[in-house]
Amino acid sequence: MEEKLDIIAIGESLIELSSDKKLCFAETLTKYYGGDALATAIAALRAGSNVGFITRVGNDVFKEFLMDSWQAEGLDISQVKISNDQNGVYFITRTPNSEKEMSFYRRKTAPSKLSIEDISEEYIENSKVVYASGTSLSLSMSAEEAVLKAFQIAKEKGITTAFDPNFSLNFTTPEIAKEQFAKVAPYIDIMFMSDKYDTTNILELESPENIIKSLWDMGIGTVIIKSSQKCGYYTGYNGNIVFTEFYSKTSVDTTCAGDAFNGGYLHAITHGYTPMEAVKLAGIVAGLQAQGIGAIKSIPYKDDIYSILRSSNND
């Protein structure tokens, strides 16, 4: 590959089947694709970044849909491998009354077969940022090893690494998440955390200031805490802690809004924005994404993002 990638994301892809009715009453479902690391990748891509994705795709009826969709988006899929396994699926509904239902079928899927064999040193070296999540680590032991290898290579080559624990009891336990975080922490440059799930389950801390200082002490230079309690973001960087309010405090569906934020942030810092400026752009991405139904389907595009950013900067 000749053109340098801004961001590489490592993780799983899933088929998303969604409805605006309760699943027991839905007669039709809308097909799309999802996955937290993939959502981050697509958010950065739609904002204007050059992005690559590392995963395995199952050789089943959804293979062509996934590969063709990503290629149409402009995602670099040169490191996506085809595996003789199934693709994972999740069902999601958000009704007009804001009732949310989600059901996952993601055991023994193709992405869980990710391994160190899928990590190319040359590919990692050709990027500015390498990103993964706790969900990526939770796929399997071999997937955990793959992420660690990618982060180790990045650290050796002076490439920025970014991580979001994205803790969920659907996928892991606090004990396992703590162990996995301890393994990856020495390699993390940028840390995204949610005060609703990550900080309480993994760090067992509540004060944003104490959380940020604790992570600084671990050697993690940039920390962003997404605070549902305060409706904003705490950014810790270079000894300073700054609070930024959410772009929008109303939402239709927040599924993957945090992942969209991550993609917007990584896009911004690879395009010359300071960490504090990047949070503002990323907040717009997340705010727009949360106005629609569906994880990746509702992620906004560059023109909408920058139009709002320019307007807000002129206020």
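The values are calculated or read from the model by the stated rules, or taken from the named source; none is laboratory data. Here the structure is a predicted model, which means the values were calculated and not measured. Cβ coordinates were reconstructed from backbone atoms using ideal geometry, including for glycine residues, and neighbour counts include every protein chain displayed. Heads up: the accessible areas ignore ligands, DNA and RNA and are worked out on the full protein's heavy atoms, side chains in. Shrake-Rupley method; radii C 1.70, N 1.55, O 1.52, S 1.80 Å.
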* Asked: Which value in deg cm²/dmol, rounded to the nearest 500, describes the helix-derived mean residue ellipticity at 222 nm for the chain, given -39,500 (n - 2.57) per DSSP H run of n ≥ 4 and division by the residue count?
  -> -11000 deg cm²/dmol
* Sum up the charges of everything whose Cβ sits under 13 Å from the Cβ of K31, counting Lys and Arg as +1 and Asp and Glu as -1, but leave K31 out. => -2
* Structure fact -> With +1 on the Cβ of every Lys and Arg and -1 on the Cβ of every Asp and Glu, the dipole magnitude of region 55-146 about its Cα centre, in debye rounded to the nearest 20, is 440 debye
* To do: For region 1-30 and region 237-315, write down the distance between their C-alpha centroids in whole Å.
  => 19 Å
* **Protection proxy ranking of 42-55, 158-171 - average other beta-carbon atoms within 10 Å, highest first** => 42-55, 158-171
* **Surface per residue (accessible, 1.4 Å probe) for the chain, Å²** => 43 Å²
* Asked: Which percent, to the nearest 5, of DSSP beta bridges fully inside the chain are antiparallel?
  -> 45 percent
* Helix hunt in the chain: which complete DSSP H runs extend at least 20 Å axially by C-alpha with mean Kyte-Doolittle at least 0.5? -> 275-289
* Could you tell me what percent of the accessible area of region 43-128 is made up of carbon and sulfur, with a 1.4 Å probe and every protein chain present? => 44 percent
* Simple label model, 7 Å out from Cα along Cβ direction - K21 to Y301, nm -> 3.0 nm
* To do: Compute the distance in nm between two label points, each set 7 Å from the Cα along the Cα-to-Cβ direction, one at L169 and one at T200.
  => 1.0 nm
* Structure fact -> Quick calc: nm separation of the 7 Å Cα→Cβ label points for Y273 and K183 -> 3.2 nm
* Which percent of Cα pairs goes in each bin when the distances of region 1-120 are cut into 10 angstrom slices starting at zero? -> 13, 41, 31, 12, 2, 0
* Asked: Restricting the count to DSSP beta bridges whose residues both fall in region 148-237, what percent are antiparallel, rounded to a multiple of 5?
  -> 45 percent
* Over 25 Å (Cα to Cα) - which of K149/K302; K21/K297; K100/K178; K183/K226; K22/K230 fall in this group -> K149/K302; K100/K178; K22/K230
* Please give every one of the aspartates and glutamates within straight-line cross-link reach of K280, meaning a C-alpha to C-alpha distance under 13 Å, and leave out same-chain neighbours fewer than 8 residues apart. => E245
* Which number comes out as Rg/Rh for the chain once both Rg and the Kirkwood Rh are worked out on C-alpha atoms? -> 0.94
* **Surface share of carbon and sulfur [accessible, 1.4 angstrom probe, percent] for region 189-244** => 43 percent
* Just subtract the alpha-carbon distance of S312 and E64 from 0.36 nm times their residue separation and send over the number in nm, one decimal. => 85.2 nm
* Cross-link reach list, aspartates and glutamates versus K108, counting only Cα pairs under 16 Å and skipping chain neighbours closer than eight places -> E12, D60, D85, E144
